[in-house]
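J.: This is the structure I want to talk about, given as structure tokens.
Laboratory data are not the source of any read-out in this text; all were calculated from the coordinates shown. Because the structure is a prediction, the values reported are computed rather than measured. We place every Cβ from the backbone using ideal geometry, glycine too, and count neighbours over all the protein chains shown.
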Amino acid sequence: MKLVRWKRFTWDLTKLPTPAPTLAERYCIRPALPDDREAVTSLILATFTLDSAWADTLATVKEWLSAHIGAAFANEVAAAVVITHGQRIIAASAVTTDPDADTNLLSGPCVSMEYRNRGLGTALLYHTLMQLRQSGLEHANGVTKSNVAVAKFMYPKFGAIGNDHEFEPALIRT
């Protein structure tokens, strides 16, 4: 079995910078609706599937994500933040507001391949953190593999502190 190294990033939500990163007018950012569950799940799972850095843990991570996204849509007021282009969801970030959760960013910012490199991931991360702050959290955590691009370029934004972390994606017990 291959050793997977994880990193946990923590944001102080009381110190998020303002103003928010801007989006082009053609995009809309909003909380996910209950009817968005299937589209959000599909987009997030496709994003992980298409990223070769996740290949060694893909089966476990996809199972973990599916279970946690389902639980978020069942239990959260807003289970995700999405960016739309027209009616199409082109980016999503699933969350949990549980202050004791190992990670509040269940998926992190996931952007459809054809919409990458337009600043959408940065804007999505910022608005996801703002949503967590508005839900009453003072700190938020995000866990990812140490060797993926998001750990190097995305999660350090907005004042995050990153540390090595022991993490084993476990399924939700019902």
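J.: Tell me which residues, restricted to segment 22-40, are more than 14 Å from the chain's Cα centre (by Cα) and in a helix (DSSP H, G or I).
T.: P34, D35, D36, R37, E38, A39
J.: Can you name every residue in segment 132-164 that is closer than 14 Å to T18 by Cα and either assigned to a strand (DSSP E or B) or touching a residue at least 40 places away in the same chain (Cβ under 8 Å) (or both)?
T.: Result: R133, F158, G159.
J.: I'm checking my understanding of the structure. Among residues of segment 111-131 that are in contact (Cβ under 8 Å) with a residue 24 or more places away in the chain and part of a loop (DSSP other than H, G, I, E, B), which one is nearest to S42 (Cα to Cα)?
T.: S112
J.: Something else now. Just checking, does segment 103-110 include any residue being touching a residue at least 60 places away in the same chain (Cβ under 8 Å), farther than 19 Å from K145 by Cα, assigned to a loop (DSSP other than H, G, I, E, B) and under 16 Å from the mean Cα position of the chain (by Cα)?
T.: No: zero hits.
J.: While we're looking at this one, here's another question. Which residue pairs have Cβ atoms under 6 Å apart, sit 6 or more places apart or on different chains, and have a first residue in segment 1-21 that is at negative phi and assigned to a strand (DSSP E or B) and a second that is small (G, A, S) and surrounded by fewer than 17 Cβ atoms within 10 Å (Cβ to Cβ)?
T.: Here the result reads K7/S146; K7/G162; F9/G162, each pair linking segment 1-21 to a residue that is small (G, A, S) and surrounded by fewer than 17 Cβ atoms within 10 Å (Cβ to Cβ).
Residue by residue, here is whether (1) assigned to a strand (DSSP E or B); (2) touching a His at 6+ places or on another chain (Cβ under 6 Å); (3) farther than 14 Å from Q131 by Cα; (4) in contact (Cβ under 8 Å) with a residue 60 or more places away in the chain holds:
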residue	(1), (2), (3), (4)
S42	no, no, yes, no
L45	no, no, yes, no
A55	no, no, yes, no
V61	no, no, yes, yes
S66	no, no, yes, no
V81	yes, yes, no, no
I90	yes, no, yes, yes
T97	no, no, no, no
A101	no, no, yes, no
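J.: Oh, and also: Of the conditions (1) surrounded by fewer than 16 Cβ atoms within 10 Å (Cβ to Cβ); (2) farther than 18 Å from T22 by Cα, G119 clears all except one; give me its number.
T.: Every condition holds for G119 apart from (2).
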